[in-house]
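Everything below concerns the one structure shown next.
The values are calculated or read from the model by the stated rules, or taken from the named source; none is laboratory data. Keep in mind it's a predicted model, so treat the numbers as computed, not measured. As a convention, Cβ positions derive from the backbone with ideal geometry for all residues, glycine included, and neighbour counts pool all protein chains shown.
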């Protein structure tokens, strides 16, 4: 009886929290153009951070980069987080970056918690498996692909063997959000809005059949940093 009531409360709390976060995230993100601009700022902040040496030293080996300028996390009886992200992929032949493709990020966690937190995240996709999984409509980090928190500061010399290496900050502190178990889904609506027609991540990142000149500054910034 008690377990049944707890499960009902947990499901209701998740729904309420995700609904609240969805409304906040939609308001904060604004539109695809704004997200791209904020992604450039987030990437520059991470790359320029003295503690993020691992990103600077391993970006040249990454197959792709995912940037989430703002992930909102809130807790009632349970916790949930949501945000929007862009993915930019490296061409296997030329080494140039293409994109962005737009995604949604969401997760839920069980256990009493309360509060509200904002994090910014940069993920390096280190394997073809990781990139191929992101080209599908949906995947789970830590399930469909392996993910690990990236080394910061003195730990930057440590090697990491995983599909995705994630770095996050919340209010200047590192490790602001746990991304294991997070669902990543393609944002078809924003991809269509940004490119003026329907486009899948494969169209954007592999076939390169659509482009948007507004992404040039972000692409150039990442390409320059990956040399």
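Miscellaneous remarks
- Residue 125 fulfils the conditions (1) closer than 16 Å to residue 180 by Cβ; (2) buried (at least 23 other Cβ atoms within 10 Å of the Cβ); (3) at pLDDT below 95 except for a single criterion, (3).
- Scanning the range 200-210 for residues that are farther than 24 Å from residue 146 by Cα, surrounded by 13 or more Cβ atoms within 10 Å (Cβ to Cβ) and out of contact with any strand residue (DSSP E or B) (no Cβ under 8 Å at 6 or more places or on another chain) yields 203, 210.
- Which listed residue, of 118, 96, is surrounded by fewer than 20 Cβ atoms within 10 Å (Cβ to Cβ), closer than 18 Å to residue 39 by Cβ and modelled with pLDDT under 85: 118
- If you go through the range 128-143 and keep only what is surrounded by 17 or more Cβ atoms within 10 Å (Cβ to Cβ) and in a loop (DSSP other than H, G, I, E, B), you end up with 135, 142.
Results for (1) surrounded by 19 or more Cβ atoms within 10 Å (Cβ to Cβ); (2) modelled with pLDDT under 95, shown as yes or no for each residue.
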| position | (1), (2) |
| --- | --- |
| 157 | no, yes |
| 168 | yes, yes |
| 187 | yes, no |
| 191 | yes, no |
